[in-house]
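K.L.:
Got a structure for you, questions after.
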Amino acid sequence: MTKPPILLAVLLCACAANAQVAKDRQELRQDARQTRDDWRDAARLESLIARFDAARGRGDTRGLAAVEAELSRLLANELTESRRELSQDQRELGSDRRELRRDIANGRRAGVRADDVRDLRDDRRDARAEAVHGARVLQIDSELRGLSGRADGPSLDRKRELMGELVVLARQEVRQDARESGEDRRELREDRRQR
């Protein structure tokens, strides 16, 4: 009489493990897309800086205005992307918390729980980093809007500094993407072992 419930429990655990592996693979594909997008953003910003410097050197006010308009569009896209990534990070935090509670409720061994605690810690760090990144990009966007249309020396110097900071932020995002991909690959290996 006890064999069917045990069999059912084993099957449910196997299905949950397979679902987790599929989720991990989906996260890896998403990481690859984010990395490509972040590399592209960094390259675009570097190109904009080169165009800005060339236009400034020639005294080309139209060229400067074109760079400013393109930078404004790029920042709007980055802010949208940052909000989406923060939302995704928060969803991952919720999933990690549920997984940890499930492990505790099911009496899973300490090693499995430790993996889930580490995943939760990593996702908290990622969410904090994304929130800081998004807040700084928003500040830069606000400051650039205040400088919009101004072509005096100090304003152009400040625009250039802010564009340089955006490049640094974009490169930080690429490094964060690499770390996140490594964490997701580790999670996939752990979940495969648990199957």
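K.L.:
Keeping to the range 53-75, report how many residues are free of Cβ contacts under 8 Å to residues at least 40 places away in the same chain, closer than 14 Å to Leu147 by Cβ and surrounded by 19 or more Cβ atoms within 10 Å (Cβ to Cβ).
P.N.:
Total meeting the criteria: 1.
K.L.:
Next question, about the same structure. Modelled with pLDDT of 95 or more and among the small types (Gly, Ala, Ser), is that true of Gly94?
P.N.:
no
K.L.:
Lys159 passes all but one of (1) surrounded by 15 or more Cβ atoms within 10 Å (Cβ to Cβ); (2) out of contact with any Phe, Trp or Tyr (no Cβ under 9 Å at 6 or more places or on another chain); (3) at pLDDT 80 or above; which number fails?
P.N.:
The one condition Lys159 does not meet is (2).
K.L.:
Taking the condition touching a residue at least 40 places away in the same chain (Cβ under 8 Å) and hydrophobic (A, V, I, L, M, F, W, C), does Ala50 pass?
P.N.:
No; evaluated as a whole, the condition is false for this residue.
K.L.:
Let me ask you something else. Please give the number of the condition Gly107 fails out of (1) in a helix (DSSP H, G or I); (2) over 18 Å from Arg185 (Cα atoms).
P.N.:
Every condition holds for Gly107 apart from (1).
K.L.:
Look at Arg91 and say whether it is under 30 Å from Asp122 (Cβ atoms) and surrounded by fewer than 13 Cβ atoms within 10 Å (Cβ to Cβ).
P.N.:
Yes.
K.L.:
Would you be able to say whether some residue in the range 158-176 is in a helix (DSSP H, G or I) and over 24 Å from Arg40 (Cβ atoms)?
P.N.:
yes
The values are calculated or read from the model by the stated rules, or taken from the named source; none is laboratory data. Since we're looking at a predicted model, the values are computed, not measured. As a convention, Cβ positions derive from the backbone with ideal geometry for all residues, glycine included, and neighbour counts pool all protein chains shown.
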